[in-house]
Amino acid sequence: MAAITMKNIVKQYGDGFPAVNDVSLDVRDGEFMILVGPSGCGKSTLLRMIVGLEDITSGEMRIGEKVVNTVAPRRRNLSMVFQNYALYPHLTVYENIAFPLRLAKRSDEEVRRRVTETAKLLELTEHLERKPANLSGGQRQRVAMGRAIVRQADAFLFDEPLSNLDAKLRGQMRTEISRLQRRLGVTTVYVTHDQTEAMTLGDRVAVLRKGILQQVGSPRELYEQPVNLFVAGFIGSPSMNFLPASVDGTFLETPIGRFDLRDERKASAVGDRDVVLVGVRPEDFEDASLVSEDKRAAGALVRVHVDVTEWLGNEQYAYVPYEAPRELADQLRELSRELDSDQMRTQAVVSLDASSLITAGDEAELWINTSRLHIFDPATGENLTRDEARVTELADHATRVREAQRRAQRPDAPRTERGAPPGRRRAAAGAGRVRGRRPRGRWRRWGGSGGSRAGGGSWRCRRCSPTGGRAGGPRRRPGTSRRSAPSARTR
Amino acid sequence: MESTRASRFRGRGPESQGAGAKKAGAKEGGSQGVGARGEKSLWIAASVLILVWTVFPILWIVMLSFKRPGEIGNSRGFLPEHWTWDNYRTVFRTDLFTSALINSIGISLIATFVGVVFATLVAYAIARLEFPGKKTILSFALAIAMFPVVSLVGPLFNLWRDVGLYDTWPGLIIPYISFALPLAIWTLSAFFREIPWEMEQAAQVDGATTWQAFRKVIVPLAAPGVFTAAILTFFFCWNDFVFGISLTSTDSARPVPAALAFFSGASQFQQPTTAICAAAVVVTVPVIVIVLLFQRRIVAGLTSGAVKG
């Protein structure tokens, strides 16, 4: 195990285009780091530079204490899971997993022992003699993971490992990866463009844009305290609404209405700017008729024209079109294109309670939780209202979460292995439940408190997993699905 | 063979369908069903014609090889009047033929082995590496393949006599390799290009050196390509007549195709036709058997399942 330290890493291709530009990133020992960003942001290139498949143009890459800039991939002692798995089709599953050990000239006995162990962990035991061509997508994925974990590598690298699986399987594998990483405690760098993966798996998430590192922090920090427009828009689904606003004292004049900021810190952060962008998350809106009096006073009320509503059962989306000044509209469109969404019109997406009776085409009164909104400088995109105190608090919290997880995993690990290895629970069904009672009870205790995350849990990608995020989602393993939520693990 | 032929026919669908439709259209306004049926029977007829065209000569030779030497010219039947193994006995009793057979097998196998090993290495470099002169190598290889063999035989004859390679195994193996290489290189580099880069990178991350990655991952994956190249090279060497007859003079290196021309039969009073036919069958059968055996191997895509499916 080792930390990975990147210092001013630059990758320039032959035509001088910098795919990765001056990235400095510190992956701590045992940490689960996610690299995320829209396509073409350089995240995969960065990963391939860590593993040694791409040359580093300039900068310094350290694994542990060693500078590895010119070290061949095979000498870096890292293992990697490729996007298309890159299994060896001419070898059986057993030999695929055994491949790194065979190259390291381990004894047959040791190879057999370790491959069997790994196969058991990943539930591949009955497939060991088959060829990869005869396996399903999920099984191939597990074989690729088996090949990565079978030897004691210093770090695991994942390059969008789940992007070839269907949505349901992706959810299962996500928890599987999370469980494995926590259990093995190996430094992991994971590249993805999927928000849910980024948010649920990572201890910390690094957001990249056009080869430049934007922000590194815990998922909650990225969601609650983004440093700029890009991070704010990229994290969260549906993404944050950006409303152009002209400033009038403590009042903001937005296309959907005029409201009071009610926050001196934020008001002073605006300074003498005339025009700003106000960022409001969809869930910070609510149908005013459903908001209690005292809560109502803490926010602002606006009257808007609702264009379309989408009722999803557990929540409801409303779309509010608005007119934006030309130059700001262009900027917003550019941003949305960069975020791979390419929104045609300027509209606010509003998430309402499912019981709201707002109808499309009508005027509606909405309540905005002004304490949660952010104000951005339209010229630089910088977040003017980032709360440093809160950032520190969140960072401390993330550290505590991480430590608690590690503590919980260590004493648990041997017991689970003897009783019912988590991976085998599915197969062991009833029997495993009885034998593995103790660890399960613990999980449940953590999982059980997950209900209290209410507000904090809203960063889940709602659109892609309307049920996946709920307790009853992946019906096969209710326990594990809850376990995947970091905030649930904290308490 | 049948399956590849069928798919090739299917691949040519559009044009033939046009013809079929035109034909049907003349009759009754061209409904799709009639067009397809007409097209199918047309293709069956064509296949049978081609099959007869190619198989008939072989069958004829086989039949001749089972006839008694005196039968030719006396009776006209396609089938032999009296089936006999005499010709085969004669053939294998003749030193000329047995030594030629050994020469042919030895020379072809060595040339194939050396050629394929070289071609594999060259093709891998061409498929994977960027280096100056890559285009030149490829175009030179193609140029050699285009070169008329006959024009080289004269100079080679003189050269080989001077350096002492005339009428020796190496004297045949060397030109065979140089003429078989281009084809093998082109076939193999196409195969190597099909293998995803990730395979190799995965092997490298797993701890393999470049050579180990090549030997343990790339070569096994390119096995169908290597087989194809090997078989093509082998046939080229096995079937060659021009070099065989020009660069040899005795039993020490003369291959079968050349030896057949020197065949004299069991006695000088008989036409050697039936014996030559028997010898021809003996050298043709292994080729057919090899093709039938390895065709499935060649066609089978070993790479399926390497990446997501």
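None of the figures in this text is laboratory data; all of them are computed from the coordinates on show. Remember, predicted model here, so these are calculated numbers, not experimental data. All Cβ positions, glycine included, derive from the backbone under ideal geometry; neighbour counts span all protein chains shown.
Other protein chain C-beta atoms within 10 Å of residue C-beta, averaged over A:87-98: 4.
Checking the a/c ratio against 1.5 first, then a/b against b/c, what shape does the Cα gyration tensor give for segment A:146-213?
oblate
Under a 5 Å amide H cut-off, with hydrogens placed 1.01 Å from N, A:ARG281 pairs with A:ASN241 among residues at least 5 apart or on other chains.
In loop segments of segment A:128-230 as defined by DSSP, the GluC sites (Glu not before Pro) with at most 14 further C-beta atoms inside 10 Å of their C-beta are A:GLU129. Amide H contacts under 5 Å for A:PHE158: A:VAL81, A:VAL189, A:TYR190, A:VAL191, restricted to partners 5 or more places along the chain or on a different chain, H placed in the peptide plane at 1.01 Å from N.
Among the chymotrypsin sites (Phe, Trp or Tyr not before Pro) within segment B:54-107, those in coil by DSSP and having at most 14 neighbouring Cβ atoms inside 10 Å are B:PHE78, B:TRP83, B:TRP85. Our coupling estimate for segment B:69-81, obtained by passing each phi through the Karplus curve with A = 6.51, B = -1.76, C = 1.60 and θ = phi - 60°, is x, x, 6, 5, x, 9, 10, 9, x, 6, 7, x, 6 Hz, Gly and Pro reported as x. Taking a straight line from the alpha carbon of B:LYS67, these aspartates and glutamates sit under 15 Å away, with near neighbours fewer than eight places off in the same chain left out: B:GLU81, B:ASP86. As an exercise, identify the chymotrypsin sites (Phe, Trp or Tyr not before Pro) in segment A:9-117 lying in DSSP coil whose Cβ has no more than 16 other Cβ atoms within 10 Å. Hits after loop and neighbour filter: A:TYR13. Overall shape: prolate for segment B:87-299, with the ratio a/c of the largest to smallest alpha carbon gyration tensor axis at 1.5 or above and a/b above b/c. Residue pairs exceeding 19 angstrom between C-alpha atoms, taken from A:LYS168/A:LYS210; A:LYS11/B:LYS134; A:LYS105/B:LYS216; A:LYS66/A:LYS105: A:LYS168/A:LYS210; A:LYS11/B:LYS134; A:LYS66/A:LYS105. Here the simple spin-label model places points 7 Å from the Cα toward Cβ, and for A:ALA133 and A:ASP294 these points are separated by 7.0 nm. Taking amide H as placed 1.01 Å from N in the peptide plane, the amide H of A:ASP287 sits under 5 Å from that of A:ASP353, A:TRP367, each at least 5 places away or on another chain. Converting phi to 3J(HN,Hα) with the Karplus coefficients 6.51, -1.76 and 1.60 and the offset θ = phi - 60°, segment B:255-264 yields x, 4, x, 6, 5, 4, 5, 9, 5, 10 Hz in sequence order, with x at every glycine or proline. The mean count of C-beta atoms from other chains within 10 Å of the C-beta of residues in A:77-86, rounded to a whole number, is 5.
Eigenvalues of the alpha-carbon gyration tensor of segment A:229-386, scaled by 5 and square-rooted, set the equivalent ellipsoid semi-axes at 23, 20, 13 angstrom, largest first.
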